[in-house]
1. For region 124-145, does any single residue satisfy the condition of being open to solvent by less than 30 Å² (accessible area, probe 1.4 Å), in contact with a helix residue (DSSP H, G or I) (Cβ under 8 Å, 6 or more places away or on another chain) and on the phi < 0 side of the Ramachandran plot?
2. Please name all residue pairs, on different chains or six or more residues apart, with Cβ atoms under 7 Å, provided the first residue is in region 67-81 and is more than 15 Å from Arg38 (Cα to Cα) and of a type in the set (Asp, Glu) and the second residue is part of a strand (DSSP E or B) and open to solvent by less than 80 Å² (accessible area, probe 1.4 Å).
3. Quick test of your reading of the structure: Val155 fulfils all but one of (1) within 18 Å of Asn79 (Cα to Cα); (2) in contact with a Lys or Arg (Cβ under 6 Å, 6 or more places away or on another chain). Name the failing condition by number.
4. Considering each residue of region 111-133, count those that are within 20 Å of Ser22 (Cβ to Cβ) and under 10 Å from the mean Cα position of the chain (by Cα), and give that number.
5. Do we find a residue being buried (at least 16 other Cβ atoms within 10 Å of the Cβ) and either among the aliphatic types (A, V, I, L, M) or at pLDDT 90 or above (or both) anywhere in region 182-189?
6. Pull up region 12-44, narrow it to residues that are outside any strand (DSSP E or B) and touching a helix residue (DSSP H, G or I) at 6+ places or on another chain (Cβ under 6 Å), then point me to the one that is surrounded by the fewest Cβ atoms within 10 Å (Cβ to Cβ).
7. Can you pull out every residue in region 49-65 that is part of a strand (DSSP E or B) and either hydroxyl-bearing (Ser, Thr, Tyr) or open to solvent by 50 Å² or more (accessible area, probe 1.4 Å) (or both)?
Amino acid sequence: CFFDLARDARVLFGRADAINASVLGASFERAHTLIFVRPQFTHALAIDATRAGGTERVTGSFKRFEDLQTHETNRVEFNVDSNLDSGVYRQVAQGRSDELLDSLLFTRPPQVHAEGSVTGHGPGAVADYTFQGATSGSFQYFDFPVDTAQATGWVKGPEVHLDEIQFTTAGGKGGGKADLTGPADHRRLGFDAYINAADFGRAVKAVELFEA
C-alpha cells in the first residue's frame with residue numbers, strides 16, 4: 001500500500017486470500033487474487049475463486065471502473081474461465097445475461113470462457129463480449145433437448161449470436177447456428193441446424209418439445 005501524491009489518493013497492490021468472499025456481487029467460499037486498487041478503479045490481475053464445495057470455479061482477470069461522481073460501477077472488463085451455476089452469472093451480470101440464460105436449462109454447469117465488457121449500469125448497460133462453452137451434461141435450449149454440446153458466440157447489446165454449435169441429441173450428431181435479435185418487445189429467434197444419424201422417433205419428439 002502506498003500514497004499517490006499526484007492523485008492525492010491511497011493505492012493498494014498485493015495478494016489476498018479470503019474465505020466467504022464476494023467477487024463482483026457473487027458469493028464464493030474461497031478466493032485468491034492479485035489485485036491493484038486506486039480510487040474509481042480495481043484491477044484483479046489474477047483471480048481464482050471456488051464455491052459449491054470446490055466443484056465450481058472461476059479463474060482469470062477483470063477490471064472495474066467507477067463513476068467519478070456517483071462511485072457506481074460504469075464499466076467492467078473481463079477475461080475468465082468458469083464452470084459456475086447459471087444463478088451466479090445472473091448475480092455478476094446484474095440482469096444483463098438473463099435473456100441468454102433464460103433460454104438454457106442445464107443439468108450441470110457448463111465450462112465457459114468469456115471475454116469482453118459491460119458498459120454502463122442499470123437497465124441501460126450494454127454488454128459486448130465473446131464466449132465459448134461446452135457441456136457434457138444434458139440441457140435444453142428453448143426446450144429443445146440436447147445431450148452434449150459446444151458452442152462459440154458473441155453478445156453485443158441486445159443481440160445474441162451462436163456462430164458455431166456442435167451437439168448430440170436423439171442418438172445422433174448435429175450442428176448449426178442461432179441468433180436472437182430485435183427490440184425487447186419483439187424478439188426474434190433464427191436458427192439453422194442439422195442432425196445426422198438420429199433416432200427418428202426421438203428426433204420428432206425433440207422437435208415437438210421445441211415447437212410446443
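The values are calculated or read from the model by the stated rules, or taken from the named source; none is laboratory data. Only a predicted model underlies this, so the values are computations on that prediction, with no experimental measurement involved. In this analysis, Cβ positions are derived from the backbone assuming ideal geometry, glycine residues included, and neighbour counts consider all displayed protein chains. Surface accessibility is based on the protein's heavy atoms, side chains included, excluding ligands, DNA and RNA. Shrake-Rupley method; radii C 1.70, N 1.55, O 1.52, S 1.80 Å.
1. Yes, there is a match, as at least one residue in region 124-145 is open to solvent by less than 30 Å² (accessible area, probe 1.4 Å), in contact with a helix residue (DSSP H, G or I) (Cβ under 8 Å, 6 or more places away or on another chain) and on the phi < 0 side of the Ramachandran plot.
2. Listed pairs, sorted by first residue: Glu77/Phe62; Glu77/Lys63; Glu77/Ser117; Asp81/Thr59; Asp81/Gly60; Asp81/His113.
3. So the condition that Val155 fails would be (2).
4. Residues in region 111-133 being within 20 Å of Ser22 (Cβ to Cβ) and under 10 Å from the mean Cα position of the chain (by Cα): 1 in total.
5. Scanning region 182-189 turns up no residue that is buried (at least 16 other Cβ atoms within 10 Å of the Cβ) and either among the aliphatic types (A, V, I, L, M) or at pLDDT 90 or above (or both).
6. Gly25
7. Answer for region 49-65, where residues must be part of a strand (DSSP E or B) and either hydroxyl-bearing (Ser, Thr, Tyr) or open to solvent by 50 Å² or more (accessible area, probe 1.4 Å) (or both): Thr50, Arg51, Arg57, Thr59, Ser61, Lys63, Arg64, Phe65.
This table checks each residue for (1) open to solvent by less than 70 Å² (accessible area, probe 1.4 Å); (2) hydroxyl-bearing (Ser, Thr, Tyr).
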| position | (1), (2) |
| --- | --- |
| Leu68 | no, no |
| Arg75 | no, no |
| His113 | yes, no |
| Thr119 | yes, yes |
